[in-house]
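Trainee: First the structure, which I've put down as structure tokens, then a few questions once you've had a look.
The values are calculated or read from the model by the stated rules, or taken from the named source; none is laboratory data. Remember, predicted model here, so these are calculated numbers, not experimental data. Cβ atoms come from the backbone with ideal geometry, glycine included; neighbour counts cover every protein chain shown.
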Amino acid sequence: MQFVKNKKSVWLVLGVLYLLFIFLFSYLYPFGMDEYYGYNLSLKESIRRIFETLWMHSPKIGVVFGSTIMYLGKWAFLLINPFVQLGIVLSIFYFVYLRLPDYKNLQDLPACILIALLSIFAVSVPSNTLFWIGGAVNYSWPMFIFLLFLCFLRAQYVGKPLFKDIWQNWLWVLVLAIFWGMSNENNSPMAFIILFAYAMFFLYRKITLPKWFYFAALGVIGGLCFMFFSPALSARMADNASDFASKPFLTKIFFHINHMDIFVRASLCLPPLTFLGLLICGLDRDRQAFKNENFILSLICFIIAFGLASALFLAPNIVGGRPFYSATVISIVAFIFLLEYIGQAYRFMLLKYVSLLMIVFSVLILPLFAMPYFDLHKQAAERAALLSAAKLDGKKHIFLPYYLVKSAPLKNYDIIFFDVLYTRPDERLAYLKINVSPIAVVPSQLKLRGLESATLASSII
């Protein structure tokens, strides 16, 4: 790549393309059921709903993020989300290399491209975790905080702290750690486990922990307690645990196998590839892999990813596999560490070839990946036009077409969309081939359009 004269312009163009990609698909994904609950509310009502929802329905930081976004409008999500996703890519890069990419040359380009493409095509249900407002604020946004703390911890360990250990920084670390502790059911316990293991390792090595670490631990424990002791999550966890405990042994095994299959497929088989690579490299005594930092960190991240995925094995009914998002992201980190180890130990830059392979895969699959989004957006625009026309004509009842979401080339890329006017088609009507079914609609969702009721026409049943 020496023939490229203006290196910074290459980085700039690729960065802008990535931001535009996230912006475009976030724009194409229509408002779903969750968004309408927080849409068009006053500031006072939005704040009231945040506190009510946090304690009684969903005690996660995503509620704060999502409610704030919905008060501001979708434009805020379209502006913020691309930079959060870019932040995830840069955080992974920093955690692996302990620095940001060097924009003065193109040496870091293969690694950045690979991380960026994997963060889209090798994560669980990108439609829900990256582009849907309700999903992004609950999965990928909290994961950005997760990765930031991993960067803080590793930088501190190698003696290159990212900030001074002063009281002004303790305060924002505390707040950020509370957010980390309130991430979700698998991220939050893992946050505590990571901090505990980190503290024990420092104690074993007789290294003094920085004061900001204690504020981080306090924040994580506080957020964790708030989330797991709230009435809503306590009831849901109790239901899941009792449901799982009551099942026969073979059924429990099936749950594990099924969930592991979802996790592996969502991550483009990175976990088994990483495991195989770790096994082969670990058995090579000549290389002394267990004395190499990249190998050790790949192994640790692999264990963390498996732990994040295993935390969901007690939840038999996982909606679309999106809770595996954090596990798939850490799988990417483990894979990158392994590629770096292979490059060091065997002097073979496998990362460049994998990056090239991922580029080819992404280019080939992109048209099929994108088509369902454009089609769904077109249907949403047509429905909006019908609603607007009905309002102008003074109609109080309207007949709406049912969204037909096209399938993607891989199941993990299918769009999971929760229609604001749709709950679930009656199985008996489907069996009898009845083509029209009335739907129960939350009145406030139609009053926004000046309508009293709607009927949903399904062309599937």
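Trainee: On the given criteria, is Leu404 in contact with a helix residue (DSSP H, G or I) (Cβ under 9 Å, 6 or more places away or on another chain), closer than 22 Å to Asn128 by Cα, at pLDDT 50 or above and not assigned by TED's automatic domain parsing to the domain that holds Tyr29?
Mentor: Against the criterion (in contact with a helix residue (DSSP H, G or I) (Cβ under 9 Å, 6 or more places away or on another chain), closer than 22 Å to Asn128 by Cα, at pLDDT 50 or above and not assigned by TED's automatic domain parsing to the domain that holds Tyr29), Leu404 qualifies.
Trainee: Next question, about the same structure. Across segment 72-106, which residue is nearest to Tyr157 (Cα to Cα) among those that are outside any helix (DSSP H, G or I) and without any contact (Cβ under 8 Å) to a residue 40 or more places away in the chain?
Mentor: Arg99
Trainee: May I ask you to verify whether Gly394 is at pLDDT below 95 and outside the structural domain of Ile115 (by TED's automatic domain parsing)?
Mentor: Here the answer is yes, as Gly394 does meet what is asked.
Trainee: Quick one: Ser326 ticks every box in (1) modelled with pLDDT under 95; (2) hydroxyl-bearing (Ser, Thr, Tyr); (3) not assigned by TED's automatic domain parsing to the domain that holds Ala122 bar one, so which box is it?
Mentor: (3)
Trainee: Could you say whether any residue in segment 31-49 is modelled with pLDDT of 90 or more, under 30 Å from Pro372 (Cβ atoms) and either assigned by TED's automatic domain parsing to the domain that holds Val64 or buried (at least 16 other Cβ atoms within 10 Å of the Cβ) (or both)?
Mentor: No, there is no match, as no residue in segment 31-49 is modelled with pLDDT of 90 or more, under 30 Å from Pro372 (Cβ atoms) and either assigned by TED's automatic domain parsing to the domain that holds Val64 or buried (at least 16 other Cβ atoms within 10 Å of the Cβ) (or both).
Trainee: Look at segment 168-193 and say how many of its residues are within 12 Å of Asn138 (Cα to Cα) and hydrophobic (A, V, I, L, M, F, W, C).
Mentor: Number of matching residues: 3.
To keep it simple, each residue is scored yes or no on (1) modelled with pLDDT under 95; (2) part of a helix (DSSP H, G or I); (3) under 24 Å from Ser183 (Cβ atoms).
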position	(1), (2), (3)
Leu299	no, yes, yes
Leu314	yes, no, yes
Ser331	no, yes, yes
Phe337	no, yes, yes
Gln344	yes, yes, no
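Trainee: Out of all the residues in segment 64-110, which are of a type in the set (Gly, Ala, Ser) and at pLDDT 95 or above? Break it down stepwise before answering.
Mentor: First pass over segment 64-110, keeping only residues of a type in the set (Gly, Ala, Ser): 66-67, 73, 76, 87, 91.
Gly87, Ser91 - these are the residues of segment 64-110 that are of a type in the set (Gly, Ala, Ser) and at pLDDT 95 or above.
Trainee: Moving on to the next point. Yes or no: segment 324-345 includes at least one residue that is surrounded by fewer than 20 Cβ atoms within 10 Å (Cβ to Cβ) and in contact (Cβ under 8 Å) with a residue 40 or more places away in the chain.
Mentor: Looking for residues that are surrounded by fewer than 20 Cβ atoms within 10 Å (Cβ to Cβ) and in contact (Cβ under 8 Å) with a residue 40 or more places away in the chain, one finds at least one in segment 324-345, hence yes.
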